[in-house]
6 protein chains.
Amino acid sequence: MFSLTVRDHLMVAHSFNGEVFGPAQRLHGATFIVDATFHRAELDADNIVVDIGLATRELHDVLGELNYRNLDEVPEFAGVNTSTEFLAKIVADRLADRVHAGSMGEGATGLSEISVTLRESHVAWATYGRAL
Amino acid sequence: MFSLTVRDHLMVAHSFNGEVFGPAQRLHGATFIVDATFHRAELDADNIVVDIGLATRELHDVLGELNYRNLDEVPEFAGVNTSTEFLAKIVADRLADRVHAGSMGEGATGLSEISVTLRESHVAWATYGRAL
Amino acid sequence: MFSLTVRDHLMVAHSFNGEVFGPAQRLHGATFIVDATFHRAELDADNIVVDIGLATRELHDVLGELNYRNLDEVPEFAGVNTSTEFLAKIVADRLADRVHAGSMGEGATGLSEISVTLRESHVAWATYGRAL
Amino acid sequence: MFSLTVRDHLMVAHSFNGEVFGPAQRLHGATFIVDATFHRAELDADNIVVDIGLATRELHDVLGELNYRNLDEVPEFAGVNTSTEFLAKIVADRLADRVHAGSMGEGATGLSEISVTLRESHVAWATYGRAL
Amino acid sequence: MFSLTVRDHLMVAHSFNGEVFGPAQRLHGATFIVDATFHRAELDADNIVVDIGLATRELHDVLGELNYRNLDEVPEFAGVNTSTEFLAKIVADRLADRVHAGSMGEGATGLSEISVTLRESHVAWATYGRAL
Amino acid sequence: MFSLTVRDHLMVAHSFNGEVFGPAQRLHGATFIVDATFHRAELDADNIVVDIGLATRELHDVLGELNYRNLDEVPEFAGVNTSTEFLAKIVADRLADRVHAGSMGEGATGLSEISVTLRESHVAWATYGRAL
């Protein structure tokens, strides 16, 4: 099994609902270092998992939809705790949509899985992985 | 599949038995950077894997049982090589006990797996993973 | 010359005024990984720069005054761009006050300089250094 | 399941064939930070995954066969894109051969899997994993 | 004193002349992780060291002049060992030229110093610093 | 001003005297990630700060004198707190002796300064710098 990972980052504000979150119930923010990993059983005709340029561009575009925003004001996330775990799934699902739409190239049809890790600090991070 | 990881560290002395260990048969020491990862299929009602505050506290407490000690003098480890691999299992098993005992909250009952990585240097680390 | 550094982090929301900031003029957020470095010419009677436990506690307390907040609503920062550079100075100045107030122990009177680095992402960081 | 990882690095020149590679079609180069991970279900009689000294030596030797070379001139790679993904497989396969040949010690017969990650920069890396 | 750092990277082929370089006399390559640091005594009117967007763009452009090339074939470097140290100076000098030419904005006239670090691996890096 | 840094590591046991050290008064241990930095105003005839191979070898040898030991039993350190700061000085001084003795090559006579950083964990490190 092969995989390729590209890294970018995201800077957002948000707040959480629920006593479990303590002071993070207040409006605060985070930089998420985002690692998107693409998996497949065999390499494509160019001997790669996916075009690293396209993967980088598509990840940047997906993060651009969220970047420099207050997630509390994004209609799609109304009433939702935009936890690190949840945001990992949002990024993975949107990348999956782009793979299926062909924006990562024809070779990307051979991808079997995507996993996304968001690092919220040097001491905490979350990952979501799914099939394609 | 989702996961959440929290990081802490541990500073211990120990020695090893066996020619394979070379100079590490002498009493020496290590800082272990410890990453504890909690896995589950779906997020809980708060949209998280586990309360990051509780996970951090429990990991710190588990490491506190070992921290600033000479592991050669810990009765439980008598006659045992406290290798990085072995210590990863000790930490994972003790975290698993705490999950089962409820000290990571009710939501933690949905956890399916724990994995623990101990980094002994910038060029070597070990991981142990187990079901919950 | 000796120095000792301790690391912690900070998660805040804020926005910037000025065209130079582009999309960062919107309310967004950041995790700052914060490194506080204490400098001195000679070690103290315990053979250290400063008590690492006290340095860690004081840095954590200084960051606690800012952590999990929207800096746009902190009266002290009204009308100020709370840039990474500026926040490095805030942290360094508050640590300096604590050194002078004696909260880092008597040995800390021998410190000559403080520098503080705030990493806002894996690709950007800022430092402020000052005499004590 | 246990694993042990050791890290080393590799500095090579190469070029790629195919429009997908853009400017990387020109002769250029890369430092690959190489992490070799050895997996097994249970620890051996010494309480380890594999002798870390032997694993480090064998990884260094495998990388030494490629290090400080122009991969375009290595006969074995004629007509092949020596992508990060592909090189991860080369390193993993050569380590597997060495495990089977006994150069990592008798205990290494218990290894079940090898995975190798090559980091080509702070923002891109690839992994290949295989059974033993 | 304040500073701001931005990070990018560079992938090149080259070879060295001189017995001191051992196997690195052969054509090989490197990824250089490049940190460009801008220093100044006081912040500008926007409360920053320099526009991070402009600094990032200019560093990327400077590296773009060298990226994906065989430095042995760059006329400017004929007969020169393009060591990590030397390349740090090249990048710093070219950034300094851009500061003086105004491409980092008017505020950049307040910069006093540039330093550039090139990391050639996880175990070796070089820095060059100069006044502006 | 130019500098070159090489990294290695050290694994030792030790204990501290003094209430300030809390639980670190017990025999424990540490991995120190060691960065040795060599400074000079101008590059040598080979266009480098110092031969990276020699610098790596000499650092490794200096660390080898301390590695896999209980520092409490090293006669030279009797009655001394072998703090991170203190050990940084030991390493820097021993490297300076080697520079003066010629073991880093003739070119090393142009070095002006050495600084050594020891990282005891991901959240604490110390540096000592001195002239040559």
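The values are calculated or read from the model by the stated rules, or taken from the named source; none is laboratory data. No experiment lies behind these values; they were computed from the predicted model shown. Cβ atoms come from the backbone with ideal geometry, glycine included; neighbour counts cover every protein chain shown. Note: accessible area is taken over every heavy atom of the protein model, side chains too, but ligands, DNA and RNA are not part of it. Shrake-Rupley method; radii C 1.70, N 1.55, O 1.52, S 1.80 Å.
Quick check on the protein assembly as shown: take the gyration tensor over C-alpha atoms, sort the square-rooted eigenvalues as a ≥ b ≥ c, and tell me if it's rounded (a/c under 1.5), prolate or oblate.
In terms of gyration-tensor shape, rounded.
For the range A:9-82, what is the convex hull volume of its Cα atoms per residue in Å³?
Spread over its residues, the Cα hull of the range A:9-82 gives 117 Å³ apiece.
Give me the inter-chain shielding for B:36-45: mean count of other chain Cβ atoms within 10 Å, whole number please.
2
Might you tell me the accessible area per residue for chain D, computed with a 1.4 Å probe and given in Å²?
The answer is 37 Å² per residue.
What does the buried accessible surface come to for E and F, summed over both chains, with the probe at 1.4 Å? Round to 100 Å².
1400
Rounded if a/c is under 1.5, else prolate if a/b is larger than b/c, else oblate: which is the range B:71-132, with a ≥ b ≥ c the root eigenvalues of its Cα gyration tensor?
Here the range B:71-132 falls in the oblate category.
Can you classify the range A:23-132 as rounded, prolate or oblate using the Cα gyration tensor, where a ≥ b ≥ c are the square roots of its eigenvalues, rounded means a/c under 1.5, and otherwise it's prolate if a/b beats b/c and oblate if not?
prolate
Can you pull the mean other chain C-beta count within 10 Å for peptide B:116-124?
Taking the mean over all residues of the peptide, I get 6.
What's the ranking of F:28-35, C:42-49, F:98-105 by average number of surrounding C-beta atoms within 10 Å, highest first?
Final packing ranking: F:28-35, C:42-49, F:98-105.
For label points placed 7 Å from Cα toward Cβ, what is the shortest-first list of nm distances from A:Ala78 to its copies?
Shortest to longest, the spacings are 3.3, 6.6, 6.6, 6.9, 7.8 nm.
Picking from A:Gly64, A:Gly110, A:Gly79, which is most flexible by a Gaussian network model of chain A using Cα springs under 10 Å?
Sorting by GNM fluctuation, first place goes to A:Gly79.
What do you get for the angle between helix B:84-100 and the principal long axis of chain B? Use alpha-carbon atoms, 0 to 90 degrees, nearest ten.
On a 0 to 90 degree scale, this one is about 30.
Report, in whole Å, the centroid distance computed from the Cα atoms of the range B:51-122 and the range D:65-132.
Each part reduced to its Cα centre gives a spacing of 32 Å.
Given the rotation that superposes chain B on chain C, what residue of B brings its beta carbon nearest the axis, and what is the distance in Å?
Rotation axis B onto C, closest Cβ, rounded to whole Å: B:Arg7, 6.
Give me the one-decimal nm value for the distance between modelled label points at F:Glu42 and F:Arg57, 7 Å along each residue's Cα-to-Cβ direction.
Label at F:Glu42, label at F:Arg57, 2.8 nm between them.
In chain D, carbon and sulfur make up what percent of the accessible area (probe 1.4 Å)?
Looking at chain D in its full context, I get 49 percent from C and S.
Evaluate the relative contact order of chain E (contact order divided by residue number), counting alpha-carbon pairs under 8 angstrom at least 6 apart; express in whole percent.
Relative contact order, chain E: 30 percent.
Using only DSSP helix segments of four residues or longer, with each worth -39500 (n - 2.57), what per-residue ellipticity at 222 nm results for chain B after dividing by its residue count and rounding to 500?
Computed mean residue ellipticity for chain B: -7500 deg cm²/dmol.
In degrees from 0 to 90, rounded to the nearest 10, what is the angle of the helix E:52-64 Cα long axis to the longest principal axis of chain E?
For helix E:52-64, the angle is close to 20 degrees.
Please give the average number of partner chain Cβ atoms lying within 10 Å of the Cβ of each residue in A:19-27, rounded to a whole number.
That average works out to 6.
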